[in-house]
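Okay, structure first, notes after.
The values are calculated or read from the model by the stated rules, or taken from the named source; none is laboratory data. Since we're looking at a predicted model, the values are computed, not measured. Positions of Cβ are backbone-derived with ideal geometry, glycine not excepted, and every protein chain shown enters the neighbour counts. Please note that ligands, DNA and RNA were not included when accessible areas were found on the heavy atoms of the full protein model with its side chains. Shrake-Rupley method; radii C 1.70, N 1.55, O 1.52, S 1.80 Å.
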Amino acid sequence: MITIKDIAKEANVSEGTVDRVLHNRGGVSKKTEAKIREIIKKRKFRVNPVASALALKNNHKIAALIPEYNDSDLFWKSPYLGILKASEDVKNIGTQVNCYTFNQYDAHAYLNTFKTLLKTKPTAVLIVPIFIEETKQIVNELEKLKIPYMFLNIDIEGFKNEAFIGQDSYTAGYIAGKLMHLSLPEPSNFLIIQSRYKTTKNNAISKRIEGFNDYFSKNNIKEETLILTIENLNNTKETKEKINSFLKLHKAIKGIFIPSSRIHVFADYIEKNELTKLKLIGFDNTPQNIACLKNDTVSFLISQKPFDQGYESIRLMVNYLNKKTIPNNKIYLPIDILTKENVIYNERNEFMFENENTNNMG
């Protein structure tokens, strides 16, 4: 029997797009709609009344609390698109998904956005737990209301979240250390630049740094790793001076590890004559980072598959709501090492989904 998934595959669109056409919800271009309806007619597709009844019976509402993105920091666009894609795919089984975004540097915005989210009376909540004290308040409220919750991207111990989905940050940092060592076989000093503040004590950034350092210590590699902390990344002049002065003072530094998605910012700040002497390793395939990879400013990027994080977190939550079981409370996604040669093949699902939705709304 033909399914919505079969139609979506033949039409080269998402299942959510097919669902919108079937239920006349709009938001699909006339050309795409005509193509889908032609396939429906040719395949003699009929809506499954049992599935429709099940959808009405389930009627789950998942709320996602995630950081907002902007042109200078596009990382959170990928998890958002993954959640959006999953929300389309689960509509036909009676699950509604809504995203609530907040300023990732503002703890008050994080808490206030949660209060807005809670007023919608969600069945379950997906959280990016950036601020630990505010997260404690949030989960206390959810637990009082018996609303299940999961953590996305950032893993914090000591909470009763049903699951965590994201990257094994420690292992990713360990891999970064290995890449740095193999890139610079001669004895060298390395610099780690941190730019985050007021975040959790046990977040992805600190775990990556721990893994990076452990690679050298566990393999008895005698290298010196220095740390430079940038408190205000938006102060361009001050940050440039601080980084370049540090590099001139420590001329033995041959590699720089940026344990965040902002490596392109630091690559822009480092003087060109210094940059050519350095190996840079960072995280995430944002457009700016990819540009640095392609022009050889950055040697390697480590992808945490953010689109898949968003998508799989919703699928996992839906499975939990319907079956009350989770295969594992730690869902780690693959750790991809990106180079200028292979980066074009990464996250194709995300690009296809974004382009499809842009075209459909045209």
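Couple of notes before you dig in:
- Between helix 132-144 and the chain: long-axis angle, C-alpha atoms, 0 to 90°, nearest 10: 20
- Rounded to the nearest 10 Å², the accessible area of ASP336 at probe 1.4 Å: 40
- Nearest-10 value in Å² for the accessible area of SER188, using the 1.4 Å probe: 10
- Taking trypsin sites (Lys or Arg not before Pro) across region 241-293, the ones in a DSSP loop with at most 10 further Cβ atoms lying within 10 angstrom of their Cβ are LYS251.
- Distance between modelled label sites at LYS115 and ARG37, nm, 7 Å Cα→Cβ extension: 4.8
- In a reduced charge model with +1 at each Lys and Arg Cβ and -1 at each Asp and Glu Cβ, region 81-223 shows a dipole moment near 320 debye about its Cα centre.
- Helix 30-43 vs. the chain, principal-axis angle (Cα, 0 to 90°, nearest 10): 60
- Within the chain, DSSP assigns beta bridges of which about 10% are antiparallel (rounded to the nearest 5).
- Given LYS91/LYS115; LYS61/LYS323; LYS218/LYS248, the pairs whose alpha carbons are separated by over 22 Å: LYS91/LYS115; LYS218/LYS248
- Among ILE165, ASN189, LEU228 the positive-end extreme of the charge dipole of the chain (Cβ point charges): ILE165
- Among GLY94, GLY166, GLY310, the largest mean-square fluctuation in a Gaussian network model of the chain, built with springs joining Cα atoms closer than 10 Å, belongs to GLY94.
- Taking trypsin sites (Lys or Arg not before Pro) across region 113-166, the ones in a DSSP loop with at most 14 further Cβ atoms lying within 10 angstrom of their Cβ are LYS119, LYS146, LYS160.
- Relative to its residue count, region 103-152 spans a Cα convex hull of 67 Å³ per residue.
- Scanning the chain for GluC sites (Glu not before Pro) lying in DSSP loops with no more than 10 further Cβ atoms inside 10 Å, the longest uninterrupted stretch between such sites is 158-340.
- At a probe radius of 1.4 angstrom, the accessible area of the chain per residue rounds to 50 square angstrom.
- Split the accessible area of the chain by element, probe 1.4 Å, and carbon with sulfur accounts for 51%.
- Matching label, semi-axes √(5λ) of the Cα gyration tensor in Å computed from the structure shown, candidates (1) 41, 24, 18; (2) 34, 21, 19; (3) 58, 20, 18: (1)
- With respect to the chain, whose longest principal axis is taken over its alpha-carbon atoms, helix 236-249 is tilted by about 40°.
- Counting only Cβ charges, +1 for Lys and Arg and -1 for Asp and Glu, the dipole size of the chain around its Cα centre is about 1240 debye.
- Using a Förster distance of 25 Å, the FRET efficiency for LYS218-TYR332 (Cβ separation, nearest 0.05): 0.80
- Counting only Cβ charges, +1 for Lys and Arg and -1 for Asp and Glu, the dipole size of region 170-263 around its Cα centre is about 200 debye.
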